[in-house]
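Please read the structure below before turning to the comments.
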Amino acid sequence: MSLSRRIVRAWRDTAARPLPPEVLGAAKAHLLDAIGVGLAASASAAGLPYRRFAATLRGEGPASLFGAAHGVNPADAAMINGGLIHSLEYDDTHTGSIVHGSAVLAAAALAAAEAGAAGGAALLGAYVRGWEVLVRIGLAAPGAFQARGFQITSVGGALVAALIGADLAGLDEDGMVMALGIALSQGSGVFEFLSNGSSVKSLHPGWAAHAGLIAAHFAACGMTGPETALDGRFGLFASFAGDPGGPARLDALMADFGAQWHLPQAAFKFHPCCHYLHPFIEAAEALLARGLEPARLRCLTCRVPAGAAGIICEPWAEKSAPASAHAMRWSLPAVLAARLVDGPIGLASFERPLSPAARDFTARIAWEPMTDTAFPRVFEAELIATLDDAEPLRIRIADVYGNAGRPAPEDAVRAKFRANAGLALPGSAIAALEEAIAKLDRAASVTALGAALRQVSSKGGFA
């Protein structure tokens, strides 16, 4: 039996059982967070390409579009919503597998559920199972996809989105296996965007969600795909990770599918930039809290895990002078300079260039490899501040805030959602959206969720 078929059988077996309360609670919290981020993006400069793209679509459809009062076809909704969720670099992450699950899976599940008139429990169940498979794909080859220049969220996410689409469309076992195989041919998402910090990176999960729903639709129409999409000679691990041992490790990780749940361990983000930067921002804030005066700083040395350095440090000269405000989202020297000189990091930090003083300050920042690290299970950081007239100050962050080891309280997640959703929706719609998600597991349909999303305020970008 192929690995694809074993995964589909495990998926379908698990679907027959209710989700544990802690998993259900995590699913609602992550879904709420993802939708809030997507709504914020719909009203931001980063969302402008998606607003313009949506304006070219003809006709209406059943699937809600973040920031819009009308619906579109499900594949386009999944692509646009997934791209919006990821466009601010504000979406959730499972650190050990390095996957941004919700940008793909929430977008795919919401669109597929609305298109297929599925109930709320079905949406949540498919969303959770998608997380569990995608995390296991990442854990089976940690860092291997990224080392070859591919974003696992996108290349693996396409296959998992196909499972979600096929599940919510009611396909049988063979149909789900075919959908997974068809999606392999659509896997994409390369890290070359780092060459200039281009915004196409946000399309990676949106395209994966789109690819998955299209794959499921083609499977329903009779197209076939390889059963060996995961473990074949040109399968996911062989082609995108260069790791022939990945399928066997994924097979082993699937042994506890439905018993061991990874979604509750996924991290929430509280800064709209690359997650690898977050512990460094926190370390800089700790230095300021200890009385550091940036003007007295001679050198700030950043100790960076090797797996993160390629994204946030290299090439250092270009990271120190990012090509755009958006490119700062992956720049360690620029973000640290902005925090130390210009103030707290928020959405506005990446919609304007570095101030002249912050730009000059990047010359005082350097980096070196961190060797004593547990990356990517945790996202660590260490800063060493060398002053002219005092002993060096050293701050180490053992793991990023919001991760499983340092969980964020529910109030913090909800406050983030309300602030983000408020950029696109009126207060009544925000309350309705919170209520719809709170009751989603008991809802016969997702009509209330969709209706709340379409109550766009005058600030909404698509209205």
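Read-outs: derived from the displayed coordinates by stated rules, not from any lab. Please read all numbers here as calculations on a predicted model, not as lab measurements. Positions of Cβ are generated from backbone atoms using ideal geometry, with glycine treated the same way; all protein chains shown enter the neighbour counts.
What residues of the range 25-53 lie in the reach of a label at Ala415, counting those whose backbone N is under 19 Å from a point 7 Å from the Cα along Cα→Cβ?
Only 29-30, 32-34, 36-37, 40 pass the distance filter.
Using +1 at the C-beta of Lys and Arg and -1 at the C-beta of Asp and Glu, which of Met223, Pro407, Ala41 has the Cα lying farthest in the positive direction of the dipole of the chain?
The residue sitting most towards the positive pole is Ala41.
With everything on Cα atoms, drop me the angle between helix 74-87 and the longest principal axis of the chain, reported from 0 to 90° to the nearest 10.
10 degrees
In what order do Trp316, Trp261, Trp11 fall by count of nearby beta-carbon atoms within 10 Å, going from fewest to most?
Trp316, Trp261, Trp11
With θ taken as phi - 60° and the coefficients 6.51, -1.76 and 1.60, list the Karplus ³J(HN,Hα) couplings across the range 261-276 in order, rounded to whole Hz; mark glycine and proline as x.
10, 9, 4, x, 8, 5, 9, 8, 9, 10, 9, x, 7, 3, 4, 4
Around Thr301, what is the net charge, scoring Lys/Arg as +1 and Asp/Glu as -1 over all other residues with Cβ under 13 Å from its Cβ?
Combined, the nearby Lys, Arg, Asp and Glu give +3.
For the pair Asn196 and Ser239, what calculated FRET efficiency results from E = 1/(1 + (r/R0)^6), where r is the Cβ-Cβ distance and R0 = 22 Å, to the nearest 0.05?
It comes out at approximately 0.25.
Using a Förster distance of 30 angstrom, determine the FRET efficiency expected from the C-beta separation of Arg52 and Ser355, and round it to 0.05.
The value I calculate is 0.50.
Could you put Asp33, Asp256, Asp76, Asp251 in order, starting from the residue whose Cβ has the fewest other Cβ atoms within 10 Å?
Fewest-to-most Cβ neighbours within 10 Å comes out as Asp256, Asp251, Asp76, Asp33.
Give the peptides 43-50, 447-454 in descending order of average Cβ contacts within 10 Å, highest first.
By packing density, highest mean first, the sequence is 43-50, 447-454.
Lys and Arg at +1, Asp and Glu at -1: add these up for the other residues within a Cβ distance under 10 Å of Thr373 and post the number.
Summing Lys/Arg as +1 and Asp/Glu as -1 gives -1.
Tell me, what HN-Hα J-couplings in whole Hz come from the Karplus equation 6.51 cos²θ - 1.76 cosθ + 1.60 at θ = phi - 60° for each residue of the range 134-141, using x for Gly and Pro?
5, 4, 5, 4, x, 5, 6, 8
Between the helical axis of 203-220 and the dominant principal axis of the chain, each derived from Cα atoms, what acute angle in degrees is found, rounded to the nearest 10?
10 degrees
Could you work out how far helix 173-184 tilts from the main Cα principal axis of the chain, as a 0 to 90 degree angle to the nearest 10?
40 degrees
For the range 275-397, give me the percentage of DSSP beta bridges that are antiparallel, rounded to the nearest 5 percent.
Expressed as a percentage, antiparallel bridges in the range 275-397 total about 65.
Spin-label point model (7 Å from Cα, Cβ direction): what's the Arg290 to Ala398 distance in nm?
It is 1.7 nm.
Run down the lysines and flag those whose C-alpha is under 20 Å from the C-alpha of Lys319, throwing out any fewer than 8 positions away in its chain.
List returned: Lys201.
Could you go through the range 101-114 in sequence order and give the Karplus-derived ³J(HN,Hα) for each residue, using 6.51 cos²θ - 1.76 cosθ + 1.60 with θ = phi - 60°, rounded to whole Hz, and x for Gly and Pro?
Karplus values, whole Hz, x for Gly and Pro: x, 5, 4, 8, 7, 5, 4, 5, 5, 5, 5, 5, 5, 5.
Run a plain Debye calculation on the range 1-145 (Cα atoms as equal point scatterers, no solvent) and give log10 I(q)/I(0) at q = 0.09, 0.14, 0.15 Å⁻¹, rounded to two decimals, same order as the q list.
-0.30, -0.70, -0.80
How large are Rg and Dmax for the chain when calculated on the C-alpha trace, in angstrom?
Reported Rg and Dmax, both Å: 21.5, 74.
For the pair Ala121/Ala259, report the inter-label distance in nm, with labels modelled 7 Å from Cα in the Cβ direction.
Using points 7 Å along Cα→Cβ, the separation is 2.4 nm.
What residues qualify as long-range amide H neighbours of Ala366, i.e. H under 5 Å apart, gap of 5 or more or another chain, H built at 1.01 Å from N?
It is Leu300, Thr301, Cys302, by chain and number.
For His210, His262, what's the fewest-to-most ordering of other Cβ within 10 Å of each Cβ?
The fewest-first ordering by Cβ neighbours comes to His262, His210.
Label-point separation (nm) for Trp316 and Ala69, each offset 7 Å from Cα along Cα-to-Cβ?
Between Trp316 and Ala69, the simple spin-label model gives 5.4 nm.
State the three equivalent ellipsoid semi-axes of the range 145-189, derived from the C-alpha gyration tensor as the square roots of 5 times its eigenvalues, in descending order and whole Å.
Listed largest to smallest, the semi-axes of the range 145-189 are 23, 9, 6 Å.
Using just the C-alpha positions of the range 253-382 as equal point scatterers, what log10 of I(q)/I(0) does the Debye formula give at each q in 0.13 1/Å?
Debye intensities relative to I(0), on a log10 scale: -0.55.
Dipole of the chain, Cα-centred, from +1 at each Lys and Arg C-beta and -1 at each Asp and Glu C-beta, to the nearest 20 debye?
480 debye
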